[in-house]
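K.L.:
For reference, the structure I am asking about is given below.
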Amino acid sequence: MQIYFFPQRESWKRISSSPEELHRLLERVAAETDTADLVVAVHLVRRSAWSGGTAYVRQWLHPGHFYAVRGKWRLSGEWETPPELPGRFKLIRLLLPDDGSAYPLSQLDRYGWQHRFDRFSDHLAFFFAHELHHYRRYHLGLHPREGEHGANAWAAERCRELGAGVESRRTVKKKAKKRTRRGPTFWQLLNPLDFMPAAQAAWLWRKGAALLSAALRLGCGDRERYVAAKMDHIQRFARLAPGAQLWITFDPGQRYLNAPVRLVRLLRRPSLRAVIETGDGKTWRWPLAWLSPDPPHGEAAR
């Protein structure tokens with residue numbers, strides 16, 4: 001494992017540590033891991049609204065990728081690429097403010113974990129262990145199916161094994177209230193022929209003004225009764241088997257009005273449609289409110 005530090009002026013003084021001490025610390029964290037392919041870059045900044053790490057471990061990187069050209073990992077000034085970098089490697093970048101006076105420090109991360117670090121070195125050890133977990137998972141095939149929560153748990157345990165001053169626990173999230181599924185609305189169940197002649201209903205539907213006249217004639221209470229009646233009507237379809245004969249009671253194009261059709265299958269709830277086959281061999285997803293298991297009254301079915 002190769003480790004590089006990128007400090008600011010007086011960084012070592014502000015964190016009361018040395019690069020040799022922190023180098024040994026990271027080596028201890030990774031002592032039980034094969035890090036032959038790992039490069040670590042530690043950025044120490046004077047001020048930052050963000051601290052954390054990133055593990056570039058799913059694909060191989062090359063020396064030309066070692067320095068970032070933009071974003072929070074970009075270094076000011078010109079830097080020569082370390083000549084000892086391997087031809088390909090996996091990379092962990094870490095960024096922390098170089099302020100030792102901020103400790104002990106409590107921090108809530110984006111995954112809902114509450115952390116407490118006694119010293120700067122403890123903070124660095126935890127961040128490194130977290131990203132090392134990703135390296136172990138994606139590069140070494142360890143920790144299968146473990147994500148960010150698994151990385152936090154492993155990092156906390158690893159720090160405890162080393163005697164680091166780290167306390168870390170996942171906060172209990174409030175269970176989200178289950179959304180009450182609302183039943184179908186009046187508009188979803190409306191059959192225009194319940195309120196107006198077929199030709200008028202089809203014309204209004206095609207013009208985009210469908211159901212407007214019916215809506216003006218119905219009060220809220222009437223709508224509730226209408227919805228209840230339509231749901232009873234739709235419930236009858238649940239008892240029918242594929243192949244059953246149905247009749248179309250509304251067709252905006254009036255091509256299949258009152259035509260007998262074959263039930264192919266009911267769509268899974270909450271859908272209010274069924275797959276039907278018309279006499280010309282075409283299949284459609286037809287609203288159940290526009291179908292009937294009974295032949296039309298007063299006229300022969302085609």
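K.L.:
Residue farthest toward the positive end of the dipole of the chain, with Cβ of Lys/Arg at +1 and Asp/Glu at -1: which of Trp73, Gln254, Cys159?
P.N.:
The Cα lying farthest towards the positive end belongs to Gln254.
K.L.:
If you don't mind, there's one more thing I want to ask. Identify which of the listed values of Kirkwood radius over Cα pairs in Å was calculated from the structure shown: (i) 25.4; (ii) 21.3; (iii) 19.4.
P.N.:
(i)
K.L.:
Give the residues of region 1-29 whose amide nitrogen is closer than 16 Å to a point set 7 Å from the Cα of Arg47 in the direction of its Cβ.
P.N.:
8-9
K.L.:
Another question about this same structure. Would you order Glu224, Glu148, Glu131, Glu84 from fewest to most other beta-carbon atoms within 10 Å of each residue's own beta-carbon?
P.N.:
Glu84, Glu224, Glu148, Glu131
K.L.:
Set the Förster distance to 35 Å, then compute FRET efficiency between Ala238 and Trp203 from the Cβ-Cβ distance, nearest 0.05.
P.N.:
Plugging the Cβ-Cβ distance into 1/(1 + (r/R0)^6) gives 0.60.
K.L.:
Take the alpha carbon atoms of region 240-296, find their center, do the same for region 33-65, and report the distance between the two centers in whole angstrom.
P.N.:
Computed from Cα coordinates, the inter-centre distance equals 61 Å.
K.L.:
Under unit Cβ charges (Lys, Arg +1; Asp, Glu -1), what dipole magnitude, rounded to 20 debye, does the chain have relative to its Cα centre?
P.N.:
It works out to roughly 1520 debye.
K.L.:
Could you line up His297, His62 from fewest to most neighbouring Cβ atoms inside 10 Å?
P.N.:
His297, His62
K.L.:
Give the total of Lys-Lys pairs in the chain with Cα-Cα distances below 27 Å; include a pair only if its members are 8 or more places apart or on different chains.
P.N.:
6
K.L.:
Here's something else I'd like to know. Once you keep just the Cα pairs under 8 angstrom separated by 6 or more residues, what percentage relative contact order results for the chain?
P.N.:
In percent, rounded to a whole number, it is 12.
K.L.:
Between Asp118 and Ala68, what FRET efficiency follows from the Cβ-Cβ distance if R0 is 30 Å, with the result rounded to 0.05?
P.N.:
Taking R0 as 30 Å, the efficiency between Asp118 and Ala68 is 0.50.
K.L.:
Taking only Cα atoms, what is the 0 to 90° angle, nearest 10, from helix 120-140's long axis to the longest principal axis of the chain?
P.N.:
60 degrees
K.L.:
Also, quick follow-up: Kindly put Lys230, Lys207, Lys13 in sequence by how many other C-beta atoms sit within 10 Å of each C-beta, fewest to most.
P.N.:
Lys207, Lys13, Lys230
K.L.:
For region 1-102, what is the charge dipole size about the Cα centre, in debye to the nearest 20, if Lys and Arg each add +1 at the Cβ and Asp and Glu each add -1 at the Cβ?
P.N.:
So the magnitude is around 500 debye.
K.L.:
Say the dipole of region 2-170 comes from +1 at the beta carbon of Lys and Arg and -1 at that of Asp and Glu; which of Trp113, Tyr103, Tyr138 then lies farthest toward its positive end?
P.N.:
Result: Trp113, furthest along the dipole toward the positive end.
K.L.:
If each of Ser16 and Asp109 carries a label point 7 Å out from its Cα toward its Cβ, how far apart are those two points in nm?
P.N.:
Label-label distance for Ser16 and Asp109, simple model: 2.5 nm.
K.L.:
Further, regarding this structure: Treating the angle as unsigned and between 0 and 90°, give the value, to the nearest 10°, between the Cα long axis of helix 198-207 and the longest Cα principal axis of the chain.
P.N.:
In the chain, helix 198-207 runs at an angle near 30 degrees to the longest axis.
K.L.:
Sticking with this structure for a sec: Given the peptides 66-78, 193-205, arrange them by the average over their residues of other C-beta atoms within 10 Å, most packed first.
P.N.:
Going from most to least packed, we get 193-205, 66-78.
K.L.:
Related question: Taking 30 Å as R0, compute the FRET efficiency from the Cβ-Cβ separation of Gln59 and Val172 and round it to 0.05.
P.N.:
FRET efficiency, Gln59 to Val172: 0.25.
The numbers here are math on the coordinates, done by the rules we state, and not lab data. Everything numeric in this text was worked out from a predicted model, so none of it was measured. Cβ coordinates were reconstructed from backbone atoms using ideal geometry, including for glycine residues, and neighbour counts include every protein chain displayed.
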